[in-house]
């Protein structure tokens with residue numbers, strides 16, 4: 001799988017003519033490139049733009065990001081998902097300031113030593129910001145290569161991934177590698193789409209083996225995904241005698257690490273939702289509650305599973321003891337108004353929206 005590099009001039013000419021005027025393309029500042037590439041992972045451009053602009057306004061430099069409280073970083077990221085990206089950004093900024101004087105390393109190898117920067121992100125920063133001849137390989141580029149060279153191999157397999165990286169490295173031109181890498185990604189995003197690719201508008205269609213053979217719809221080849229599992233999860237709107245709510249911060253190493261939540265957890269086989277919630281609150285915060293009526297059900301999909309979140313009104317029973325973090329990192333009693341100051345997941349934000357819509361009566 002080592003094709004001759006012949007399509008780059010047409011691709012670059014097309015990109016220079018049609019490249020979208022995106023805010024992170026205003027200059028080649030490595031901080032802006034890094035921030036954009038982290039936000040764009042698994043996230044659409046239209047979704048990223050307002051987050052990017054707000055984030056950059058709050059933290060215009062890597063030094064500003066490094067000095068910011070983690071909670072402020074997570075709050076600005078709230079709703080963008082994949083929150084490990086925000087934690088990695090914050091940690092990497094602190095590393096850059098402490099160990100590199102706020103300056104970005106220029107090689108992919110050195111960039112990959114920073115928290116949260118893998119091979120793709122390192123290649124993007126090195127090529128776009130520093131004009132290094134470094135490859136990128138994301139889902140868009142994989143799809144372009146799979147069709148361009150009509151690859152019959154499963155692109156999710158390790159051996160194929162290794163071959164694709166070798167191909168990507170071989171094809172990066174000496175001149176303007178950053179523009180070339182962005183052109184590949186733009187082509188996959190706007191023309192070589194997963195379904196119904198716009199082959200008639202493709203600037204390198206003359207080089208595409210899949211188009212010549214009529215196999216565009218069969219490329220890239222991927223193993224069929226297993227059915228997405230579903231879990232029933234409970235959460236408690238645990239109130240004290242004054243109506244304040246109990247919230248807890250999730251452990252850093254867990255899914256949604258560092259975010260706040262209405263405490264609860266996953267239902268076990270043969271367990272009622274109410275029993276599940278009482279058990280989870282005891283295991284997470286060492287408290288006893290009187291589980292009241294169902295408040296709301298929220299359906300939410302993550303990358304590899306789906307949940308139905310069953311949220312119950314609960315009354316805290318002080319005779320059971322004060323809260324303590326057995327499976328969280330912090331807890332607080334807060335008013336409904338104060339919830340806005342904390343970073344919550346998308347599912348919990350739906351709960352908060354419903355809280356605002358309903359007047360509360362003490363149980």
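The values are calculated or read from the model by the stated rules, or taken from the named source; none is laboratory data. Remember, it's a predicted structure, so these values are computed and weren't measured experimentally. Glycine gets a Cβ as well: all are built from the backbone with ideal geometry, and neighbour counts include every protein chain shown.
If you check residue 243 against the conditions, is it assigned to a loop (DSSP other than H, G, I, E, B), surrounded by fewer than 17 Cβ atoms within 10 Å (Cβ to Cβ) and touching a residue at least 12 places away in the same chain (Cβ under 8 Å)?
Details: assigned to a loop (DSSP other than H, G, I, E, B): yes; surrounded by fewer than 17 Cβ atoms within 10 Å (Cβ to Cβ): yes; touching a residue at least 12 places away in the same chain (Cβ under 8 Å): yes.
For residue 243, the condition - assigned to a loop (DSSP other than H, G, I, E, B), surrounded by fewer than 17 Cβ atoms within 10 Å (Cβ to Cβ) and touching a residue at least 12 places away in the same chain (Cβ under 8 Å) - is met.
This table checks each residue for (1) surrounded by fewer than 14 Cβ atoms within 10 Å (Cβ to Cβ); (2) out of contact with any helix residue (DSSP H, G or I) (no Cβ under 9 Å at 6 or more places or on another chain); (3) not in a loop (DSSP other than H, G, I, E, B).
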position	(1), (2), (3)
188	no, no, yes
196	yes, no, no
224	yes, yes, no
227	yes, yes, no
235	no, no, yes
248	no, no, yes
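Note on the stretch 317-345: among residues that are in contact with a helix residue (DSSP H, G or I) (Cβ under 9 Å, 6 or more places away or on another chain) and more than 26 Å from residue 253 (Cβ to Cβ), the one that is surrounded by the fewest Cβ atoms within 10 Å (Cβ to Cβ) is 340.
Residue check: residue 144 meets all listed conditions (1) part of a helix (DSSP H, G or I); (2) without any contact (Cβ under 8 Å) to a residue 24 or more places away in the chain but one, namely (2).
For the stretch 80-124, a residue qualifies if it is out of contact with any helix residue (DSSP H, G or I) (no Cβ under 6 Å at 6 or more places or on another chain) and within 30 Å of residue 351 (Cβ to Cβ), and the qualifying residues are 81, 82, 83, 84, 87, 88, 91. The helices (runs of 4 or more DSSP H) located wholly in the stretch 1-63 that include 1 or more residues which are in the same structural domain as residue 123 (by TED's automatic domain parsing), loosely packed, with under 12 Cβ neighbours inside 10 Å and out of contact with any helix residue (DSSP H, G or I) (no Cβ under 9 Å at 6 or more places or on another chain) occupy 8-18, 45-58. Just so you know, in the stretch 206-222 the residues that are under 28 Å from the mean Cα position of the chain (by Cα) and not in a loop (DSSP other than H, G, I, E, B) include one that is nearest to residue 192 (Cα to Cα), and it is 217.
For the stretch 283-293, filtered to residues that are in contact with a helix residue (DSSP H, G or I) (Cβ under 8 Å, 6 or more places away or on another chain) and outside any loop (DSSP other than H, G, I, E, B), the residue that is surrounded by the most Cβ atoms within 10 Å (Cβ to Cβ) is 289. Candidates in the stretch 250-277 are the residues that are surrounded by fewer than 20 Cβ atoms within 10 Å (Cβ to Cβ) and more than 23 Å from the chain's Cα centre (by Cα); of these, the one that is nearest to residue 293 (Cα to Cα) is 274.
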